[in-house]
Amino acid sequence: MKKIIFILIIFLSVVGHSQVTSSAMSGIVKSDTGETLPGASVEIVHKPTGTKYFSTTGSDGGYAVQGIRPGGPYTVKVTYIGYKTTEITEITAPLGNNLTVNVVVQEESNVLSEVIVSTKSKGNFNKGRTGASQQFSNREITAVPVTGARSINAITKYNANAGSNGTFGGQDSRLNNFTIDGSVFNNGFGLGSDSQAGGRTGSTAISLDAIEQLQVNIAPYDVRQSGFLGSGINAVTKSGTNEVEGSIYNSFRSNKKDFIGSKAGERTVVPGKFEEKIWGARIGAPIIKDKLFFFGNVETIENISPATTWTSTGSPQASAQVSRPTFEQMQTLSNFLQDKFNYTTGPWENYDSERISKKFLARLDWNINDNHQLTARYVFHDSSSDELTSNSNSLGFGNRRTSPLAMSFKNSGYVIQDNTRSVVLELNSKLSNSWYNNFIAGYDKQIEDRALQGGGLFPTIDILDGSTTAISAGLDPFTQGNKLSYSTLHFTNNLTKTIGKHSLLFGANFEYFKSSNLFFSGSNGVYTFNSLSDFYAAANQSANTGGIPSTTALPARLQFRYSALPGAQEPLQIFKSNKLDLYTQDEMKLSDRFKLTVGIRASAVWFADTALENPAVTALTFGQGQKFNTGEMPDTQYLFEPRVGFNLDLNGDASTLLRGGSGVFTGRAPSVYLSNAIGNNGVLTGFVDVSGSALATGGYGFTPNPNEYFIPDTPTLPTTFELAFSDKKFKFPQVWKTNIAVDQRLPFGFVGTVEGIFQRNINAIHYYNANFDAPVGTFSGPDNRPRYARTDGGVRVNDNVSSAVVLTNTDKGYFYSSTFKLEYPYKKGLWGSFAYTYSSANDLLSPGSIASGSWTGARSVNGNNDLPLALSNNNTPHRLVGILGYKIEYGKNVGAATSINLGYIGEQSGPFSYSYGGDMNGDKVNNNDLIYVPKNANEIRFQSLSVTNGTVTTVYTEAQQQQAYESYINQDDYLSTRRGQYAERNGGVLPMLHRLDLSATQDFYITIAGKKNNFQFRADILNFTNFINKDWGVTQRVTNTNVLNYRTTTTNVPFYQLATQVEANGTRVLIKDTFQKNASTFDVWQAQFTLRYIFGK
């Protein structure tokens, strides 16, 4: 039977991204005279469940056990003839680590009784650790101050290499890999900015109450860990034990004064309606003692909160954050759309959004026998969230809301779902004293459909004031016909063989991904108007003729997508990919002091042939003579990840450890990148994108019903396209990481770490527009950048193709960081850590979710096909993180405990680029042209500018604007250093923000029949800094990145108008401040109270 199982596992290892779900333990058994003892029996017992693991020391006295449960406590028991039995107790096994536990035994004649030796975890001093990683134990997970759903992001943000919005190592958060119990919990398709399942609704698929341990890997050199460029985040859920134990809890917060502050500096914050209720429970129990265990968790969240904290100028219910549109403008437009077109916009300020999350988890652990342990886990999560309209400029002008410049209406938004179903099965087997196997099979599915909030179907209408959006109405341009589901089926097998000082790993992973994406963006029609008066003129023409498109009053631009399938079928995009990984590794304990790990991972990635050829596109020739076929997917790609890591105990007493390594890491490309090409091929849909004289020629005026007028007579043969291609040689993103670190034991129990990381791109994501034509000249004067044609036809190689954006790779880009960390491991109730990281992340562009939007979203001087290396959108140059906790217990059978925990983050994030408002260089892309910073403001030409406040209109002359611009540059720390040069992409960055969060827990317990019954009250206060002082913890925003708005070009010289800013009292003045302080509920302290009953522990 054993041979059959062994052969089966070998077979599985060559057919079935692997992540680590277990721990390992190894060490050397010696006598008290220093002699190694071969043949000693080693028994490792997981005390909560009675699970046992066995090993026998080899010729060098060494033992190794793989696949043990993370956590503990464990007891290691060693027996050897002629020596006293020795036990080492209270051992904790960190997730994904090979913990070194050396044992010294004494001869029978030297002792009078059995020797029991106790030891505790030494924190960072683990000789199994090589690269940059961090463990969060259940103690830290429970203690960290959080509000709301207590998501995993609320814990991982305390990693020193984390950045804002879940980024790590300067990489897009979607290039993290997030697994729970070895099952993939990524936002695999890649919409939004959150990397984990549930993130699109601001929730999480698994409650933090169900997590046992959490591991954040930045640069691990274990080849089992892959699928990420930023961080591999591994979590394991809790399991049942031999005791019946559990918890019931209720968390709540609201906008009542006991839960939220009211002062952000000198400004008063009046929170809108806000209420959140969380109910949850967990239970763990033995079904059969020492044999079969159950764990379950359930949690529901209901949240009602303000959808936006911005109000219009002159609002009778003004907030502390005032936007440029006036109350009268918004009210008049809302009434107009209702009266003329029966379209209900909904409110534009002081309205609520709703978020709901319902989840449960069930887990079974079965100790089949001493050699085989089986785990099964199922997760169910349903969630939905009201969202504001998109700010993307992939369609329309973008930048539509939540800013001092623009506002939108409630019914322009949508409802997003993020639902998860996940099942995973794991089998850990000891095949012999030296062979171990771990097998994982899982299936994960996510559903992310959209629905309307209200108002019904209506075109998107972006209305400009100057060169920026001021008001947006109508349905979000990306919501109509937007349905998405995707799934991952994966098998992983790791076979380990220990031979003396070597631990050999042979592994395989197979992953099948499928997505079904109905993305019919712009099918409601997207209009851009230069002013409110232009819109009213066009809308009145259409309304007066029964909805016929306006003929003389025209928009500035129309974009409209229609189905090109027979019968106007929905244009569903199907994407399928397969990934097979084979890997091997040798973990060598070359001596008691030195461990070396060498491994390599080889991957093959191939795609199903789901793309459709468009013969009309195949016949086209694009820039530089390129030809493309929309029916071709990227070639099969072969990727390699060689890695080496080491850990050296410099003094032999674990007081100073030198560790590090170097190797290649491959990430998962968000599937939306490749799905773009399947959808934007001119076969599924046709696309109209017109401006200028083509509007009148084609009859593309305003109408509330573009589907009635703008679909061609033969829609199945579209002649105008928006295209996306994938380079045939495209490869999944890869980076080369190298790190070196020193861990030093310090006086008074402290541990110090100094660590450096360098990372260089091998295959970074990149885009270019193959249909982008060459410039037609250059500007005159000090800003002599290339000048483009300023017409649709003039900037396109093929006039009937609005864009042809190509997904490809680049090796440009790098990241480096230096971290200094001080840690105090848990001792007598006190624990904590503090770290500072300096880093720099550089790339060519930071892509979004849509191909065209990724290209137009770049910032450049010479056009978006010629991008220089610059700071990344994910750059966080300075970051401080700290956690401090203290717990005191008093009483015995009846008693109490008090815990105080502080979490601190101080970071400089939010890089931004100074670019011109509008289309300065004539490439038909708005807001993408980096500004020229004049030696003096007289180098810049201005048109006169009229600014109205109430009934008073002020006209600013060219000289006045030049003087104001000169003053603005002088007060700006960045622009004042760039005189006579172009601004750099992401050259600016928000000021440092310091935030301190607090959690305070009071426990009261009574012991009955040896079991604690614990009643707990907990208060979490986020932004406790603001609670201490109203001026602290208040965020700032960039007043306006488009400080100059392009107006026209005369004799090859561009003319501008200076941007304005809205003061706290609602008055518009010429821009004078780089930053303005915010005053929202995010800028004041917020509290959450939790009542919890804990039993059996």
Fill in: Qualifying residue in the stretch 28-47 (condition: assigned to a loop (DSSP other than H, G, I, E, B), surrounded by fewer than 23 Cβ atoms within 10 Å (Cβ to Cβ) and within 42 Å of the chain's Cα centre (by Cα))
yes
Worksheet item: Considering only the stretch 677-726, how many residues are more than 22 Å from V795 (Cα to Cα) and in contact with a strand residue (DSSP E or B) (Cβ under 8 Å, 6 or more places away or on another chain)?
Response: 11
Practice prompt. Could you identify the single residue in N862, N842 that is assigned by TED's automatic domain parsing to the domain that holds F397, in a strand (DSSP E or B) and either among the charged types (D, E, K, R) or surrounded by fewer than 21 Cβ atoms within 10 Å (Cβ to Cβ) (or both)?
Written response: N842
Response to the item:
In the set K1072, K1012, the lone residue that is part of a loop (DSSP other than H, G, I, E, B) and not small (G, A, S) is K1072
Worksheet item: Counting residues that are of a type in the set (V, I, T) and surrounded by 20 or more Cβ atoms within 10 Å (Cβ to Cβ), which strands (runs of 3 or more DSSP E) fully inside the stretch 607-700 reach at least 3?
Response: 685-691
Response to the item:
Within the stretch 448-490, restricting to residues that are among the β-branched types (V, I, T) and modelled with pLDDT under 95, the one that is surrounded by the most Cβ atoms within 10 Å (Cβ to Cβ) is T469
Discussion item. Taking the conditions exactly as written (under 34 Å from the mean Cα position of the chain (by Cα) and closer than 29 Å to A774 by Cβ), does V617 satisfy them or not?
Written reply: no
Response to the item:
Expected output for the stretch 518-545 (first residue assigned by TED's automatic domain parsing to the domain that holds F560 and closer than 18 Å to N707 by Cβ, partner of a type in the set (D, E, K, R) and modelled with pLDDT under 95, Cβ below 7 Å, 6+ apart or cross-chain) is L518/K483; L518/E570; F520/R561; F520/E570; S521/R561; G522/R561; S523/R561
Practice prompt. Give E266, E212 a once-over and let me know the one that is outside the structural domain of N297 (by TED's automatic domain parsing) and of a type outside the set (A, V, I, L, M, F, W, C).
Written response: E266
Worksheet item: Counting just the residues of the stretch 379-396 that are among the polar types (S, T, N, Q) and part of a strand (DSSP E or B), which one comes out farthest from P306 (Cα to Cα)?
Response: S383
Discussion item. I'd like to verify a number: residues in the stretch 611-623 that are modelled with pLDDT of 95 or more and among the polar types (S, T, N, Q), how many?
Written reply: 2
Response to the item:
When the stretch 874-927 is checked residue by residue, the ones that are crowded, with 21+ Cβ neighbours inside 10 Å, under 30 Å from T778 (Cα atoms) and among the charged types (D, E, K, R) are D923, K924
Practice prompt. Within the stretch 360-382, identify whether any single residue is over 30 Å from Q331 (Cβ atoms), over 26 Å from the mean Cα position of the chain (by Cα) and β-branched (V, I, T), and answer yes or no.
Written response: yes
Practice prompt. Please verify whether the stretch 411-434 includes one or more residues that are assigned to a loop (DSSP other than H, G, I, E, B), aliphatic (A, V, I, L, M) and surrounded by 24 or more Cβ atoms within 10 Å (Cβ to Cβ).
Written response: no
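Table: residues versus (1) under 31 Å from the mean Cα position of the chain (by Cα); (2) acidic (D, E).
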{"position": "T545", "(1), (2)": "no, no"}
{"position": "L590", "(1), (2)": "no, no"}
{"position": "F607", "(1), (2)": "yes, no"}
{"position": "E632", "(1), (2)": "yes, yes"}
{"position": "D635", "(1), (2)": "yes, yes"}
Worksheet item: For the stretch 1082-1097, what are the residues that are surrounded by fewer than 23 Cβ atoms within 10 Å (Cβ to Cβ) and not in a loop (DSSP other than H, G, I, E, B)?
Response: F1082, A1087, Q1088, F1089, T1090, L1091, R1092, Y1093, I1094, F1095
Fill in: Single residue of V664, V644 found to be touching an Asp or Glu at 6+ places or on another chain (Cβ under 6 Å), within 17 Å of G756 (Cα to Cα) and among the β-branched types (V, I, T)
V664
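The values are calculated or read from the model by the stated rules, or taken from the named source; none is laboratory data. None of the values given here were measured: they were computed from a predicted structure. Glycine also receives a Cβ, built like all others from the backbone with ideal geometry; neighbour counts cover every protein chain displayed.
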